[in-house]
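Notes for the one structure printed next.
The values are calculated or read from the model by the stated rules, or taken from the named source; none is laboratory data. Keep in mind it's a predicted model, so treat the numbers as computed, not measured. Quick reminder, even Gly has a Cβ in these numbers, built from the backbone with ideal geometry, and neighbours come from all protein chains shown. Note: accessible area is taken over every heavy atom of the protein model, side chains too, but ligands, DNA and RNA are not part of it. Shrake-Rupley method; radii C 1.70, N 1.55, O 1.52, S 1.80 Å.
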Amino acid sequence: ELFEFDARVRAALEVQCVDYVTEMKIDGLSVSLEYTDGVFTRGSTRGNGFVGEDITQNLKTIQSIPLRLSEPLPFLEVRGEVYMPQKSFLRLNEQREAEGEPLFANPRNAAAGSLRQLDSKIAAERGLDIFVFNVQQIEGKELNSHRESLDYLKSIGFKTIPGDRIFKGIEEAYAEVMRIGEERGDLTFDIDGAVVKVDSFAQRELLGTTSKTPKWAAAYKFPAEQKR
């Protein structure tokens with residue numbers, strides 16, 4: 001499927017080789033963060049892609065989400081994945097077991113449940129974290145590629161997905177997907193796959209999106225982990 005994706009991309013762009021960025025697909029809850037004049041003003045779940053739940057107060061309790069950016073852009077919207085580190089997940093389930101409450105099945109469910117708490121104090125106690133992976137809208141700054149956008153996000157205070165690099169062509173990108181899969185068990189957070197993205201924003205514009213997914217990205221899902 002990844003090689004078929006690459007063939008479609010190259011045919012549409014009429015090029016021999018495409019630069020890709022390969023990232024870990026964090027198993028959490030996708031959220032949108034909005035900043036006005038450099039200040040965090042609203043955070044929401046992805047919902048159906050158009051309408052999501054307002055979870056601003058709970059997101060403000062996550063220490064790695066900057067409340068004020070180092071550069072006061074007129075407007076910025078980024079997308080990220082809120083997750084619960086495995087250490088926090090184990091601690092939470094031990095606490096729930098001791099109190100006779102039902103256990104969470106996995107860190108993803110625990111993260112989603114924590115963000116939907118009506119009391120932000122509960123969310124603050126859950127040890128949530130976030131990786132930001134995309135610029136959705138930006139005013140006051142011009143960015144030309146995904147790699148450039150990630151470097152910029154890091155420079156103004158965001159935590160981005162580790163290990164993202166540019167790969168020349170689908171063979172290199174696929175090799176990175178396989179490497180991520182092999183090291184999956186050594187991570188301190190859960191992933192359920194890897195995402196291959198066209199790096200150039202100009203090429204993304206040419207490729208466009210469908211009603212559900214962008215034509216410039218493809219996800220590779222790893223087999224589900226099984227544990228007692």
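Residues in region 39-79 that are out of contact with any strand residue (DSSP E or B) (no Cβ under 9 Å at 6 or more places or on another chain), open to solvent by 70 Å² or more (accessible area, probe 1.4 Å) and more than 25 Å from residue 142 (Cβ to Cβ): 2 in all.
Whether a residue is hydrophobic (A, V, I, L, M, F, W, C), open to solvent by less than 50 Å² (accessible area, probe 1.4 Å), part of a helix (DSSP H, G or I) and within 23 Å of residue 222 (Cα to Cα) was assessed, and residue 89 passes this test.
For region 120-134, the tally of residues that are hydrophobic (A, V, I, L, M, F, W, C) and not in a strand (DSSP E or B) stands at 4. Among the conditions (1) aromatic (Phe, Trp, Tyr); (2) touching a helix residue (DSSP H, G or I) at 6+ places or on another chain (Cβ under 9 Å); (3) assigned to a helix (DSSP H, G or I); (4) within 17 Å of residue 80 (Cβ to Cβ), the only one that residue 152 does not satisfy is (2). Can you confirm whether region 24-38 contains a residue that is under 27 Å from residue 139 (Cβ atoms) and in a loop (DSSP other than H, G, I, E, B)? Yes, there is a match, as at least one residue in region 24-38 is under 27 Å from residue 139 (Cβ atoms) and in a loop (DSSP other than H, G, I, E, B). Within region 202-221, residues that are assigned to a strand (DSSP E or B) reach partners that are surrounded by fewer than 14 Cβ atoms within 10 Å (Cβ to Cβ) with beta carbons closer than 7 Å, at six or more positions or on different chains, in the pairs 218/1. Would you check if there is a residue in region 181-201 being buried (at least 18 other Cβ atoms within 10 Å of the Cβ) and more than 18 Å from the chain's Cα centre (by Cα)? The answer is yes; a qualifying residue exists.
Candidates 117, 137: the one that is in contact (Cβ under 8 Å) with a residue 12 or more places away in the chain and either assigned to a loop (DSSP other than H, G, I, E, B) or buried (at least 20 other Cβ atoms within 10 Å of the Cβ) (or both) is 117.
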